[in-house]
Amino acid sequence: MDQAQQQPALFPVGFVAHGAPTLAIDPERGAPFRSWGAALPQPKAILVISAHFERAPLTIGVTEQAPLVYDFSGFPPELYCVQYAAPGAPELAQRVLALLSGHEIHESNRGLDHGVWTPLVHMAPAADIPVLEISMPYNYSPAQLFQVGQALAPLRKEGIFILGSGNLVHNLRLVDFYELSGPPPWAREFDAWVREVLLRRDWDSLMQYPTLGPAIHIAHPTAEHLRPLLVAAGAAADDDVRFVLEGWEYGSLSRRTVQFG
């Protein structure tokens, strides 16, 4: 992220397709995220809502530097050696508590999971920007997650980068790790639907993804990888939408990555 760029009046909001944990040690797949991070202004801190931190009530993660969470198994040994020693963000945690004062909020010492550090090792490789992770409560409706984003939106005026981390199509039972074929029709259909909803800023339809999303039960047997988008969209409101990255990996995992503003 570029320290030389002037801080915008409203910091952009992002949704990153973090894909498989091996992204962290794959310079080719990481290159688009490195370019995106370099093009962004330098934020004062990064607030991440990850698909891999589903906890209710809404929970604030560790606010000091702590060991990473390697929340996966069966991957190459070098992946478990990745480090990302970003500073904690206690001041941001206090702002989040204030902005979400109407919610029941817990605090924990849980470190950053791979939904956070896998993309950030490319986007902010110096690991010098404070990072805070908050949970995505599993008992919140899509509308409630959108409202969390709306409540957090004032952070954008304070130079905070709000980042949702997941995947717009995510069915691990149907991935093709050998990448022998392109995305199946159901994956393309759901990804295209989300794309059009975002371009129209049709937040009502986005919040109704369980009934309106085509092939939703195939594209997301469980919806945790889609739901961070609702928080990001809530924080973005009517900002312009652009797609930092499009395409596919492992057959059916969408790499569509979004910048609002």
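General remarks:
- Hz values of 3J(HN,Hα) by residue in the stretch 86-95 - Karplus curve (6.51, -1.76, 1.60), Gly and Pro given as x: 5, x, x, 9, x, 5, 5, 4, 5, 5
- Chymotrypsin sites (Phe, Trp or Tyr not before Pro) within the stretch 37-91, DSSP loop, no more than 16 other Cβ atoms inside 10 Å: Tyr70, Phe72
- Summing +1 for each Lys or Arg and -1 for each Asp or Glu among the other residues whose beta-carbon sits under 15 angstrom from that of Arg255 gives -1.
- Close amide H partners of Leu58, meaning residues 5 or more places away or on another chain with modelled amide H under 5 Å apart, are His106.
- Summing charges over all other residues whose Cβ lies under 13 Å from the Cβ of Leu168, with Lys and Arg as +1 and Asp and Glu as -1, gives -1.
- Using θ = phi - 60° and Karplus 6.51 cos²θ - 1.76 cosθ + 1.60, couplings along the stretch 133-141 (whole Hz; Gly, Pro as x): 10, 10, 7, 10, x, 5, 9, 8, 6
- When Asp239, Asp2 are sorted by how many other C-beta atoms sit within 10 angstrom of their C-beta, beginning with the fewest, the order is Asp2, Asp239.
- Total formal charge among the other residues, if their Cβ is under 13 angstrom from that of His52, Lys/Arg +1 and Asp/Glu -1: -2
- Once you reduce the stretch 207-261 and the stretch 119-163 to the center of their Cα atoms, the two points are 15 Å from each other.
- Sorted by Cβ neighbour density within 10 Å, fewest at the top, the residues Asp238, Asp176: Asp238, Asp176
- Mean ellipticity per residue at 222 nm, deg cm²/dmol - from DSSP H runs of n ≥ 4 across the chain, formula -39500 (n - 2.57): -9000 deg cm²/dmol
- Taken over the stretch 150-198, the alpha-carbon convex hull comes to 123 cubic angstrom per residue.
- Rg and Dmax of the stretch 42-135, based on Cα coordinates, read 13.3, 43 Å.
- Sparse-neighbourhood loop sites, chymotrypsin sites (Phe, Trp or Tyr not before Pro) in the stretch 131-173 - DSSP loop, at most 14 other Cβ within 10 angstrom: Tyr138
- Length-normalised contact order for the stretch 101-228 - Cα pairs under 8 Å, 6+ apart - percent: 30
Every read-out reported here was derived from the displayed coordinates using simple, explicitly stated rules and does not represent laboratory data. Nothing here was measured: the structure is a model prediction, and the numbers come from that model. Note that we place each Cβ from the backbone using ideal geometry, even for glycine, and neighbour counts take in every protein chain shown.
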